[in-house]
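Written below as structure tokens is the structure these notes are about.
Read-outs throughout are calculated quantities, based only on the coordinates presented, and are distinct from any laboratory measurement. No experiment lies behind these values; they were computed from the predicted model shown. Every residue, glycine as well, gets a Cβ built from its backbone with ideal geometry; the counts of neighbours run over all protein chains shown.
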Amino acid sequence: EAQVTQNPRYLITVTGKKLTVTCSQNMNHEYMSWYRQDPGLGLRQIYYSMNVEVTDKGDVPEGYKVSRKEKRNFPLILESPSPNQTSLYFCASSLGTDWDEQYFGPGTRLTVT
Amino acid sequence: EDQVTQSPEALRLQEGESSSLNCSYTVSGLRGLFWYRQDPGKGPEFLFTLYSAGEEKEKERLKATLTKKESFLHITAPKPEDSATYLCAVNTGFQKLVFGTGTRLLVSP
């Protein structure tokens, strides 16, 4: 089954404790992206990757890091989380260029206290 | 600044009552407009891509249309299972994707 998986699905952590949210896709997609979704603000792009070893900033990259060492994986790293990073995070992938037909993961709900 | 605005924020329909959702955009360049459906607690699910003014796409009770300034998602004779949040997104042409805040649709039996 074609899918994007994220782990963990729920995470409660404390300020400053480094964490990683994993994302993996089994569709051999070139494009991958991370979003955060906040009430009233919609989905905002954090980082994206157009291929292995190629990553770029989206609209809200501050406080986040990513890496793309393999085509299928695109982890999101928060090196020193802060309460304003409490949000719902989605990973997505797409085969086509121009972000056509993205497949989204189930989401990771992160709370930073 | 690139902007995508969806209206209304929320819409309540009776089963069978057709209506339209609007997505208006002000962007520097359009390289695709996308519609997604999002159910509570889940990730968005792709519905349609539109690339040029005049283009239309259909899927079951949904039909998406595009003009130079906006897109409409028409819902014909909706059913309760069409209840969801509908998201619009625009590729602005600089590898940048801008989402609207969505329209929450509730269809009552």
Quiz item: Using the count of nearby Cβ atoms within 10 Å as a rough guide to exposure, how do B:Val90, A:Val112, A:Val4, A:Val14 rank from fewest to most?
Solution: A:Val14, A:Val112, A:Val4, B:Val90
Quiz prompt | Cα centroid separation - region B:65-89 against region B:36-50, whole Å | solution = 11 Å
Quiz item: In what sequence do A:Thr86, B:Thr5 fall when counting other Cβ within 10 Å, fewest first?
Solution: B:Thr5, A:Thr86
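Over region B:15-73, what relative contact order in percent results from Cα pairs under 8 Å that are six or more residues apart? Show your work: numbers first, answer last.
Details: 83 pairs, mean separation 19.1, N = 59.
Dividing the mean separation by the residue count of region B:15-73 yields 32 percent.
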Quiz item: Which whole-Hz ³J(HN,Hα) couplings does region B:28-41 yield from phi under the Karplus relation 6.51 cos²θ - 1.76 cosθ + 1.60, θ = phi - 60°, glycine and proline marked x?
Solution: 6, x, 10, 10, x, 10, 10, 10, 10, 10, 10, 8, x, x
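Count charges around A:Val60 for me, please; just the other residues with Cβ under 11 Å from its Cβ, Lys/Arg as +1, Asp/Glu as -1. Mind dumping the intermediate values first?
On the way: positive: A:Arg36, A:Arg44, A:Lys57; negative: A:Asp38, A:Asp59, A:Glu62.
That sum, taken over residues with Cβ under 11 Å, equals 0.
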Quiz item: Around A:Arg68, which amide H atoms from residues at least 5 apart in sequence, or from another chain, sit under 5 Å from its own amide H, with H modelled in the peptide plane?
Solution: A:Glu53
Self-check item: Entries of A:Lys65/B:Lys42; B:Lys59/B:Lys79; A:Lys57/B:Lys96; A:Lys18/A:Lys65; A:Lys17/A:Lys71; A:Lys17/A:Lys65 with Cα pairs more than 20 Å apart
Solution: A:Lys65/B:Lys42; A:Lys17/A:Lys71
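Counting other C-beta atoms within 10 Å, which of A:Trp34, A:Trp99 has the fewest, and how do the rest follow? Mind showing how you got there, number by number?
Numbers: A:Trp34 28, A:Trp99 22.
With the fewest neighbours first, A:Trp34, A:Trp99 line up as A:Trp99, A:Trp34.
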Quiz prompt | lysines whose Cα lies under 17 Å from that of B:Lys68, excluding same-chain neighbours fewer than 8 positions away | solution = B:Lys57
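Scan chain B and hand back the longest stretch that contains none of the chymotrypsin sites (Phe, Trp or Tyr not before Pro) lying in DSSP loops with at most 14 other Cβ atoms within 10 Å. List each step's numbers first, then the result.
Working: sites that count: B:Tyr51, B:Phe94.
The segment B:1-50 is the longest one with no such site.
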Quiz item: Relative contact order (percent) for chain A, with alpha-carbon contacts under 8 angstrom and 6 or more residues of separation?
Solution: 36 percent
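Just for chain B, what percent of DSSP beta bridges are antiparallel, to the closest 5? Mind showing how you got there, number by number?
Numbers: 37 of 42 bridges.
Roughly 90 percent of the beta bridges in chain B run antiparallel, per DSSP.
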